[in-house]
Amino acid sequence: MVTALAWMRGAAGAVAVSLVALGASGCSDGDGTPSGAVSSAASAVKSAGEAVSSAAAEAKRAAESAAAVAQDKLGEVKDGIDAKGQVTLGPVATDSDGYTTVPVTVQNTDDATKSFAVQVEFKDEAGNLVDTVVVTVADVAGKGTGQGTARSTHKLSGTVSAQTGTALRY
């Protein structure tokens with residue numbers, strides 16, 4: 001989404017320059033001044049800019065909402081211990097529905113069967129958080145491994161990376 005927003009900003013600027021140039025060179029109201037085309041171009045650019053700002057604000061709200069939900073889920077884990085070092089994330093991909101996914105592998109270093117709650121943070125090229133989810137990998141045998149898949153809560157665009165936020169073994 002961030003890449004799309006950056007593209008939209010660039011496209012809006014290019015449209016503005018093109019329309020202003022066309023309005024100034026090709027259209028006048030008879031006394032040698034640019035016609036309403038320049039005003040229309042400026043209005044169109046302003047509207048495009050407002051749409052980009054609105055989309056960016058919506059994306060930020062979605063990421064903040066997902067982070068709050070993730071924190072709530074992690075807060076439900078009782079007697080969990082830090083297991084971030086026991087989590088490996090695979091390559092980021094996009095599923096057939098357009099959602100971003102990443103395989104999650106956990107290594108249970110305990111002798112007893114344990115479950116894991118793993119927060120996966122999806123980030124854009126600039127390192128901004130764009131989504132976060134919590135994956136539960138239940139009933140991993142002692143000294144065994146378990147697998148799950150983190151799936152974004154909404155469709156993400158551009159280059160997205162994933163990293164482990166919080167991981168709890170319980």
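The values are calculated or read from the model by the stated rules, or taken from the named source; none is laboratory data. Note that this is a predicted model, so its numbers are computed, not measured. Glycine gets a Cβ as well: all are built from the backbone with ideal geometry, and neighbour counts include every protein chain shown. Side chains included, ligands, DNA and RNA excluded: accessible areas come from the protein's heavy atoms. Shrake-Rupley method; radii C 1.70, N 1.55, O 1.52, S 1.80 Å.
Test of understanding: among T149, T136, T166, which residue is hydroxyl-bearing (S, T, Y), open to solvent by less than 60 Å² (accessible area, probe 1.4 Å), in a strand (DSSP E or B) and modelled with pLDDT of 95 or more? Before you say what the answer is, go through the steps one by one.
Values: T149 fails: open to solvent by less than 60 Å² (accessible area, probe 1.4 Å); T136 fails: open to solvent by less than 60 Å² (accessible area, probe 1.4 Å).
Criteria check complete, one pass: T166.
Restrict the check to the range 158-169 and report whether at least one residue is of a type outside the set (A, V, I, L, M) and over 19 Å from T105 (Cβ atoms). There is at least one residue in the range 158-169 that is of a type outside the set (A, V, I, L, M) and over 19 Å from T105 (Cβ atoms).
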